[in-house]
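Structure first, then comments.
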Amino acid sequence: MKIGIVCYPTFGGSGVVATELGKALADRGHQVHFVTYNQPARLDFFSANLFYHEVSVSNYPLFDYPPYELALASRLVDVVRFEKLDVLHVHYAIPHASAAFMAKQILLTYGIYIPVVTTLHGTDITLVGKDRTFKPVVTFSINKSDGVTAVSEHLRNDTYEFFEIEKDIKVIPNFVDLTRFSLKAKDHFKKAIAPEGEKILVHTSNFRSVKRTNDVVEIFAKVVKQIPSKLLMVGDGKERADCEQLSRDLGVSDNVRFLGKQDAIEEILSVADLFIMPSQSESFGLAALEAMACKVPVISSNAGGLPELNVDGVTGFLKNVGDVDGMAERAIYILEDEARLAQFKDNALARAKEFDLTNILPIYENFYVEVIESC
Ligand code: GMT
């Protein structure tokens, strides 16, 4: 197939899923065309089946708000016409689903029908999408998509609850490439971070308020009182400065390292004993899945789709959002006993294998065929 993929080209979860999916589809022999405003973060190599079409928005002084959606729709018209695409797969509803709808209407004037698949990732529904500013457009463009997928049952249910949706939404969970995300021998790195054999806790995110990064530091401050440990905070964003200040205020800053944005997440996860994800809302929790693939158990909130990934008492524990004491207590429970920790690590990997790319990729391929045939 010739597949167009529209996504945010950043380190955000939806962009990562879209890019990894595109790469895997290209490996399977499909021709994949990324259409976005920057080279996707994980698309940093050459492959005969992968193409990147940049969307550039002219910076006319009249535009206080450059019309990206229109530039994207125009670029899509071009790419679909001249590359003869079979299907367009847009990731994150805003503004990709509505830009795809506009492109589809324009393409009809050339006698071309392009099937559009929209994948809902999370905040496009739970935070941004249900905002009144966007709600009518999001509702309309989901209903006008030829196929709709969501990354968890919970997100699917939220979408039906918040919007008037007539379409079937198929759940296709996030996936992980186990050839990349697996335990690597990084003893030298472990020794540098934790020279006395301290346990290592890790959090990765974009440090937005929805991630509750201050909770991570508070949890750690309780854990470190009982278990010699270190905390690695990976990523960057609005909340980081607050979080750094909190670690100073709580007197744990010597044991916390803020590493900023990192490419080789799998190497950091390879030295970790526990992953912390106390999010306010999380449609799936891709970062937790990547940790589990590297044999790292997860202490998370029970928000959104997290219970569909993290199995309470098996791959880690889930507590109510904001229950810092409960999360710290469960973290200590896992870390204080070596045999128990080893069991949780094995369980985390076993669970991650259920979400291996090789299991999920055919579901997307079959869905494309189903959608194309129904149009
Ligand atoms: O929250 C992020 O880190 C980014 C966001 C996005 O859309 O780029 O992630 C969402 O999509 C991921 C991939 O499907 C999911 O694994 C995340 O759970 C989801 N984030 C939220 O729902 C907050």
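Annotation for the stretch 254-266: at least one member residue is more than 16 Å from the ligand (Cβ to nearest atom) and closer than 15 Å to A352 by Cα. The set of residues from the stretch 44-74 being over 25 Å from L107 (Cβ atoms), of a type outside the set (D, E, K, R) and either surrounded by 12 or more Cβ atoms within 10 Å (Cβ to Cβ) or within 23 Å of the chain's Cα centre (by Cα) (or both) comprises F45, S47. When A293 is evaluated against the numbered criteria (1) free of Cβ contacts under 8 Å to residues at least 60 places away in the same chain; (2) within 16 Å of the ligand (Cβ to nearest atom), which criterion, by number, is the only one it fails? Single failed check for A293: (1). On the stretch given as the stretch 306-328, residues that are more than 24 Å from the chain's Cα centre (by Cα) and touching a residue at least 40 places away in the same chain (Cβ under 8 Å) total 2. Kindly evaluate Q280 against the criterion of being without any contact (Cβ under 8 Å) to a residue 12 or more places away in the chain and either in the same structural domain as V321 (by TED's automatic domain parsing) or hydrophobic (A, V, I, L, M, F, W, C) (or both). Taking the combined requirement at face value, the residue does not satisfy it.
Inspect the stretch 150-157 for any residue being away from the ligand (no atom under 14 Å from the Cβ) and either without any contact (Cβ under 8 Å) to a residue 12 or more places away in the chain or in contact with a Gly (Cβ under 8 Å, 6 or more places away or on another chain) (or both) and give the result as yes or no.
no
Can you tell me which residues in the stretch 236-273 are touching a Lys or Arg at 6+ places or on another chain (Cβ under 7 Å), within 29 Å of P40 (Cα to Cα), of a type outside the set (A, V, I, L, M) and assigned to a loop (DSSP other than H, G, I, E, B)? Within the stretch 236-273, D236, G237, K238, E239, S270 qualify.
Tell me, which strands (runs of 3 or more DSSP E) wholly within the stretch 1-101 include 3 or more residues that are within 15 Å of the ligand (Cβ to nearest atom) and in contact (Cβ under 8 Å) with a residue 12 or more places away in the chain?
87-91
Residues that are assigned by TED's automatic domain parsing to the domain that holds N255 number at least 1 in the following helices (runs of 4 or more DSSP H) confined to the stretch 115-221: 187-193.
Looking at the stretch 324-333, can you tell me whether even one residue there is closer than 22 Å to S182 by Cβ and aliphatic (A, V, I, L, M)?
Start the filter on the stretch 324-333 by keeping residues that are closer than 22 Å to S182 by Cβ, which leaves none.
Checking the stretch 324-333: not a single residue is closer than 22 Å to S182 by Cβ and aliphatic (A, V, I, L, M).
Might you check whether a residue that is within 16 Å of the ligand (Cβ to nearest atom), out of contact with any Lys or Arg (no Cβ under 8 Å at 6 or more places or on another chain) and among the charged types (D, E, K, R) occurs anywhere in the stretch 313-324? Within the stretch 313-324, none of the residues are within 16 Å of the ligand (Cβ to nearest atom), out of contact with any Lys or Arg (no Cβ under 8 Å at 6 or more places or on another chain) and among the charged types (D, E, K, R). Of all residues in the stretch 99-136, those being crowded, with 22+ Cβ neighbours inside 10 Å and within 16 Å of the chain's Cα centre (by Cα) number 8. Tallying residues that are surrounded by fewer than 16 Cβ atoms within 10 Å (Cβ to Cβ), more than 15 Å from Q226 (Cα to Cα) and among the charged types (D, E, K, R) within the stretch 304-337 yields 1.
For the stretch 346-362, filtered to residues that are in a helix (DSSP H, G or I) and out of contact with any Leu (no Cβ under 9 Å at 6 or more places or on another chain), the residue that is surrounded by the most Cβ atoms within 10 Å (Cβ to Cβ) is A348.
The values are calculated or read from the model by the stated rules, or taken from the named source; none is laboratory data. Predicted model only: the values in this text are computed from it and were never measured. Positions of Cβ are generated from backbone atoms using ideal geometry, with glycine treated the same way; all protein chains shown enter the neighbour counts.
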